[in-house]
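Following: one structure in structure tokens, then a few remarks.
The values are calculated or read from the model by the stated rules, or taken from the named source; none is laboratory data. Not measured: the values here are computed from a predicted model. Cβ sites come from the backbone with ideal geometry, for glycine too, and all protein chains shown count toward neighbours.
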Amino acid sequence: MKNRLTGAVTLGLAAALVLTGCGSGSGDTAGDGGSAQGGPVTLKMVAADYGDGPTADNSGEKFWKGVVDEFQAANPNIKVDVQVINWNDIDKQVATMVQNGQVPDILQTGDYSGFVADDLLYKVDEVLSPNTKADLLEKFAEFGKVNGVGYGIPFVSSARGLFYNKNLFDKAGIAEPPKTWDELKAAAEKLKKAGVAQPFGLPLGNEEAQAESFLWFMGNGGGYKDASGKWAIDSPQNIETFKYLKELVDAGLTTANPGTKNRKDVWADFAAGKVGMVNGGPMSIPIFEKGGLTEFGVAPIVGKSGPLDTTLGVEDWIMAFNKNGHQEEIKKFFDFFYSGSAAQKLSDTYKLLPVTKSGIQKLSSDEKLKPFLDALPNATFYPFQDPKWSEVNTQIKQTIGGALDDPAKVLGAIQKVATSG
Amino acid sequence: MQQTSPLARAGRALEPLAWVGPAVVLIAVVVVWPVIVMIQSSFLKISRFGVVRGANGVDNYTKLFAEPDFGGVMIRSLIWVVAVVGLTVVLSLALAQLFNQRFPGRNIARWALIAPWAASVLMTAIIFKWMLDPEVGLINMILHDLGILDAMGGADADPLGKASTAFPWLIGVAVFVSLPFTTYALLAGLATIPADVYEAARMDGASKARIYFSITLPLLRPALTVAMLINVMNVFNSFPIIWVMTHGQPGYSTATSTIFMYILKGSDIGESAAMSVVNFGMVVVLVAVFLKVARWNRQVA
């Protein structure tokens with residue numbers, strides 16, 4: 001009897017231990033927070049995956065392992081534990097971490113502004129040395145500021161351009177890439193006659209509809225906000241833009257049912273030679289080349305009456321959370337990243353554009369990146385510093401394809417999301 | 001007579017607790033606790049980045065019910081459950097009857113039926129999405145070769161691009177992955193019906209249809225009820241098929257409440273939690289209604 005009871009108690013205890021075990025994993029970073037004591041400190045880092053997933057040669061895990069190994073060799077007292085998460089899940093997973101109080105020390109992702117209001121982040125000055133800070137392009141660093149104080153550190157950037165398939169253009173008898181909406185339509189009609197199934201690749205599905213729409217809006221002098229900074233998603237220019245796109249779609253000159261098509265699929269179709277023209281960026285170059293397409297050209301984004309003098313710039317960020325202390329260690333890691341070969345390796349591997357003056361100089365000889373590097377200084381960015389942007393963005397991704405059927409109604413509904421509450 | 005100490009008596013009284021204890025703790029931690037947290041979250045104001053900003057009253061619910069797509073999503077969820085479970089059960093009844101007969105190659109056929117069950121639902125959904133790709137999809141290629149489809153790459157070759165064609169495909173895939181479990185549950189039910197009942201019916205001169213509707217179906221009811229119940233819950237919460245194949249698009253026109261909840265998570269976590277609570281309530285109601293209709297534990301007359 002006694003034995004049985006002891007057994008039962010042991011079992012119960014064991015179960016309790018197993019159950020509580022789940023919660024203790026994150027405790028260690030807070031535990032050895034006394035970083036000045038010289039014991040090894042573990043920095044927990046969460047980063048987005050710029051590669052093709054965990055098994056690919058260019059996976060984020062492999063990239064960061066290379067960086068971290070080198071860093072740890074130089075700084076034996078600091079360990080960096082990197083968790084790479086794909087772009088689709090990273091926002092939600094980080095939100096869960098924050099909600100549970102298990103924030104990382106370093107986060108690399110597409111937005112920083114949401115953490116600022118709650119004082120979760122170190123200021124840029126606290127975790128970057130003056131030299132590193134001076135090397136960042138001012139325009140980019142400017143976007144990392146909220147009310148004049150820097151929190152987001154620019155990580156990489158990209159710009160957009162019009163890619164066209166030279167072989168298909170030759171076949172259709174098109175001499176040069178279109179510059180205006182009329183020329184684009186004429187070129188698309190020629191491509192269609194030459195048997196191209198998707199003369200213009202138009203991804204308005206959830207993956208990146210906000211980018212494709214923005215490029216088209218800008219071509220008509222529109223955008224998500226007007227010059228005074230007010231939301232203007234259902235502006236007359238934007239509505240006219242979708243009316244033009246509808247003409248293209250109805251004439252069968254684009255991807256079928258654009259509202260359900262994602263950019264990665266359309267880019268894959270372009271790489272397979274099934275698409276005549278598509279908007280893309282430097283990061284699409286490796287995808288096209290991997291798909292076997294080398295005869296492509298790059299031109300500025302097409303606008304209604306002429307090519308755009310701006311383009312969509314996208315900037316990704318790295319930031320440091322202040323919850324676990326570790327300010328000094330984070331500073332060392334950031335300095336290592338920006339001053340060493342890591343930032344350069346990132347640009348080489350993923351064809352992402354650098355955010356430092358030295359980085360841009362190093363890349364200026366790359367012919368394929370040149371059009372994008374030239375476009376960067378004049379780029380326009382998403383209104384991501386507006387607290388409503390994340391909600392608006394979700395709505396755009398899911399529904400803006402429907403604006404092809406009824407521009408005023410769908411754009412009006414998104415405008416309502418932006419201006420309500 | 002030996003005297004038992006009070007301690008030993010207390011120990012004996014508590015003994016069952018020690019054995020059920022771990023299971024109770026497990027249920028409390030992995031089932032009850034998350035439900036409580038979910039309900040709590042639905043009344044909180046939470047930033048998209050996970051920072052709790054205090055109580056929010058019923059605002060999350062008001063906002064959710066005011067969503068222009070909310071009504072459509074709920075109706076679609078009901079259609080989805082009724083269509084998928086209904087089709088699955090009808091097909092499974094036929095398949096179970098078939099597999100209950102002796103015929104050459106029966107074992108192979110039974111193994112083949114397990115295949116969609118053995119493959120991950122996510123994988124099956126991805127494969128179907130690829131087969132329906134407008135440019136390179138296998139199903140489209142076959143239709144093209146047969147002359148049913150004029151050209152690849154156009155809107156005609158893109159069944160997942162329009163809700164009117166996409167939703168039937170989604171239902172089809174959901175039925176496909178639900179068939180194995182349901183059929184096997186019914187097969188097991190068929191095996192429990194004693195042969196002498198059939199013999200007696202035949203002696204009395206009952207027709208085949210009569211035998212099926214008066215003997216097989218009533219005796220199959222327990223198995224049928226369990227299979228349908230599990231299917232109702234499963235299908236209502238089904239996520240990967242729609243998420244992978246259409247992402248609820250175009251717009252929200254192929255989204256069910258589970259998909260809607262997940263999309264909301266990207267913009268407003270509190271509202272998404274409110275949707276989860278509504279979802280949870282729907283499942284409870286659906287199951288209650290179903291059990292009422294199926295007259296759960298009443299004996300077969």
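When the range A:154-176 is filtered for residues that are more than 27 Å from the chain's Cα centre (by Cα) and not in a helix (DSSP H, G or I), the ones remaining, listed by number, are A:GLY173, A:ILE174, A:ALA175, A:GLU176. Taking the range B:196-301 and the helices (runs of 4 or more DSSP H) fully enclosed by it, the elements with 1 or more residues that are touching a residue at least 40 places away in the same chain (Cβ under 8 Å) are at B:217-236, B:240-245, B:257-264, B:269-294. Would you mind stating whether A:PHE169 is under 18 Å from A:LYS246 (Cα atoms) and not assigned by TED's automatic domain parsing to the domain that holds A:TYR338? No, not satisfied. For the range A:69-99, a tally of residues being free of Cβ contacts under 8 Å to residues at least 60 places away in the same chain, over 21 Å from B:ILE263 (Cβ atoms) and touching a Ser or Thr at 6+ places or on another chain (Cβ under 8 Å) returns 3. Hey, can you tell me all the residues within the range A:122-145 that are assigned to a helix (DSSP H, G or I), crowded, with 17+ Cβ neighbours inside 10 Å and either small (Gly, Ala, Ser) or not assigned by TED's automatic domain parsing to the domain that holds A:THR356 (or both)? If the condition is that a residue be assigned to a helix (DSSP H, G or I), crowded, with 17+ Cβ neighbours inside 10 Å and either small (Gly, Ala, Ser) or not assigned by TED's automatic domain parsing to the domain that holds A:THR356 (or both), then A:ALA141 is the only one that fits.
So the check is Cβ under 8 Å with 6+ separation or different chains; which pairs have a first residue in the range A:193-207 that's closer than 15 Å to A:LYS246 by Cβ and in the same structural domain as A:GLY259 (by TED's automatic domain parsing) and a second one that's assigned to a helix (DSSP H, G or I) and among the acidic types (Asp, Glu)? From the range A:193-207, the pairs are A:LEU202/A:GLU212; A:LEU204/A:GLU212.
When B:PHE181 is tested against (1) at pLDDT below 90; (2) surrounded by 18 or more Cβ atoms within 10 Å (Cβ to Cβ); (3) away from chain A (no Cβ under 14 Å), exactly one condition is not met: (1).
Being within 9 Å of chain B (Cβ to nearest Cβ), part of a loop (DSSP other than H, G, I, E, B) and more than 17 Å from the chain's Cα centre (by Cα) is a condition met by no residue of the range A:350-368. Every residue in the range B:125-143 that is part of a helix (DSSP H, G or I) and either within 12 Å of chain A (Cβ to nearest Cβ) or on the phi > 0 side of the Ramachandran plot (or both), please. Hits for the range B:125-143 are B:LYS129, B:TRP130, B:ASN140. Filter the range A:370-421 down to residues that are of a type outside the set (A, V, I, L, M), surrounded by fewer than 19 Cβ atoms within 10 Å (Cβ to Cβ) and either at the interface with another protein chain (Cβ under 9 Å from one of its Cβ atoms) or farther than 30 Å from A:LYS357 by Cα (or both), then give me how many there are. Final tally of qualifying residues: 10. Can you tell which of B:ALA157, B:ALA125, B:ALA174, B:ALA163 is at pLDDT below 90, within 31 Å of the chain's Cα centre (by Cα) and surrounded by 13 or more Cβ atoms within 10 Å (Cβ to Cβ)? Going through B:ALA157, B:ALA125, B:ALA174, B:ALA163 in turn, the sole match is B:ALA157. Going through (1) within 25 Å of A:GLN361 (Cβ to Cβ); (2) loosely packed, with under 15 Cβ neighbours inside 10 Å one by one, A:ASP118 falls short only on (1).
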